[in-house]
Amino acid sequence: MTTAHLELHGVSKSFGRVAAVRELSFAVPRGSVFGLLGPNGAGKTTTIRIVMRITLPDAGRVVLGGKDIDDELRERIGYLPEERGLYRRMRVLEHLTFLGEVRGLARSEARRRAGRWLDRLGLAEKAGRRIEELSKGMQQKLQFAATVIHEPEMVILDEPFTALDPIATRQLKEEIGAMRERGTTVLFSTHVMPQAEELCDHICLINRGRAILHGRLDAIRAEHSRPALEVESPATDAELVAVSGVAAVRVADGRRVLELAPGAGIEAAVKALAAAVPLTGVQVVRDSLEDIFVKRVEGDHAPLA
């Protein structure tokens, strides 16, 4: 049975009249990659800042490893904030070594790990440069190394792929996968669904400060992703939607996708299509996490207290 590493129980936080987080509850399984997802302004960063005790909640509990989180427990978490902070005049190796010492490493060990991370992230040749001379993407890779140099048991990454080029993005994704293999719990926030779909085992989708989906990603996709049919046919949209079992036709990335009516079976719909219109190709497709995200957020009309 998977145990929870981090738990939020009924967490709420308001800033004046603005409620940023509303009775938010979720559990992050130990050793998982967990996505805290939602549109911009949903409350993701506020939630993370509450976990890190940068902001204290108005109500609710944050539990780490079975205990209410305090400043001592917080030190077990490596945190990469959305707002990056580096000492721009310091040199790269010197700075990373210093941050390792701040996190409790002896200087010799901090320097050894710093050199290893610079090599691993393709920054070794920049070791003697001042941080202000690095690109934004390089600075972000450096800050990631600073986040994990002390090998924390849990890592929280707030929008970690911002400003990274495709090569650096792939590097960071590989590092997240490696942390999962080592048993490190990773929580990262994003509003970019393909990233979450690629990396996450579990997710919590929040909107307007509330959880609207929470659980294993595969289970969420199975429950909330209705099957559809991608077709190749000279038939018009009107002819396709007139076929029994077809509810609507939509275009996705230049492909025509038929949404099936509730209760319509895939096999029966394919037979009905083949009998009614010429087909040159047909395949079953399911909603992506982005499709589910858009539908749930656009359909979230629950009243706010």
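The values are calculated or read from the model by the stated rules, or taken from the named source; none is laboratory data. Every value quoted in this text rests on a predicted model; they were computed, and no experiment measured them. Counting neighbours? That spans all protein chains shown, and the Cβs are built from the backbone with ideal geometry, glycine included. Note: accessible area is taken over every heavy atom of the protein model, side chains too, but ligands, DNA and RNA are not part of it. Shrake-Rupley method; radii C 1.70, N 1.55, O 1.52, S 1.80 Å.
Which numbered condition trips up Gln140, out of (1) within 21 Å of Met52 (Cβ to Cβ); (2) not in a helix (DSSP H, G or I)?
Answer for Gln140: the failing condition is (2).
Of all residues in the range 208-242 being within 30 Å of Val277 (Cα to Cα) and buried (at least 21 other Cβ atoms within 10 Å of the Cβ), which is nearest to the chain's Cα centre (by Cα)?
Ala228
Name the residues in the range 151-167 that are in contact (Cβ under 8 Å) with a residue 40 or more places away in the chain and farther than 22 Å from Val63 by Cα, would you? Before the answer, list the steps.
Within the range 151-167, the subset in contact (Cβ under 8 Å) with a residue 40 or more places away in the chain is 152-160, 162.
Glu159, Pro160, Thr162 - these are the residues of the range 151-167 that are in contact (Cβ under 8 Å) with a residue 40 or more places away in the chain and farther than 22 Å from Val63 by Cα.
Scan (1) polar (S, T, N, Q); (2) loosely packed, with under 12 Cβ neighbours inside 10 Å; (3) closer than 27 Å to Thr190 by Cβ for the single condition Thr55 breaks and write down its number.
Exception for Thr55: condition (2).
Going through Val251, Val270 one at a time, which residue ends up being surrounded by 14 or more Cβ atoms within 10 Å (Cβ to Cβ) and more than 30 Å from Arg22 (Cβ to Cβ)? Lay out the reasoning, then the answer.
Values: Val251 fails: surrounded by 14 or more Cβ atoms within 10 Å (Cβ to Cβ).
Being surrounded by 14 or more Cβ atoms within 10 Å (Cβ to Cβ) and more than 30 Å from Arg22 (Cβ to Cβ) holds for just one of Val251, Val270, which is Val270.
Which condition number in (1) in contact with a strand residue (DSSP E or B) (Cβ under 9 Å, 6 or more places away or on another chain); (2) closer than 13 Å to Gln143 by Cα; (3) in a helix (DSSP H, G or I) is the one that Leu96 fails?
For Leu96, the exception is condition (1).
Could you list all residues from the range 168-207 that are open to solvent by 30 Å² or more (accessible area, probe 1.4 Å), in a loop (DSSP other than H, G, I, E, B) and of a type outside the set (Asp, Glu)?
Answer for the range 168-207, where residues must be open to solvent by 30 Å² or more (accessible area, probe 1.4 Å), in a loop (DSSP other than H, G, I, E, B) and of a type outside the set (Asp, Glu): Gly183, His191, Val192.
Taking interchain pairs and intrachain pairs at least six residues apart, which have beta carbon atoms under 6 angstrom, with the first residue in the range 46-71 and without any contact (Cβ under 8 Å) to a residue 24 or more places away in the chain and the second part of a strand (DSSP E or B) and crowded, with 16+ Cβ neighbours inside 10 Å?
Here the result reads Ile69/Val62, each pair linking the range 46-71 to a residue that is part of a strand (DSSP E or B) and crowded, with 16+ Cβ neighbours inside 10 Å.
Test Gly60 against the stated conditions and say whether it is in contact with a Gly (Cβ under 6 Å, 6 or more places away or on another chain), outside any helix (DSSP H, G or I) and open to solvent by 30 Å² or more (accessible area, probe 1.4 Å). So that I can check it myself, show each step before the final result.
Working: in contact with a Gly (Cβ under 6 Å, 6 or more places away or on another chain): yes; outside any helix (DSSP H, G or I): yes; open to solvent by 30 Å² or more (accessible area, probe 1.4 Å): yes.
Here the answer is yes, as Gly60 does meet what is asked.
Considering the range 1-52 alone, what residues qualify as being part of a loop (DSSP other than H, G, I, E, B), open to solvent by 30 Å² or more (accessible area, probe 1.4 Å) and either at pLDDT 95 or above or touching an Asp or Glu at 6+ places or on another chain (Cβ under 9 Å) (or both)?
Passing the criteria: only Arg30.
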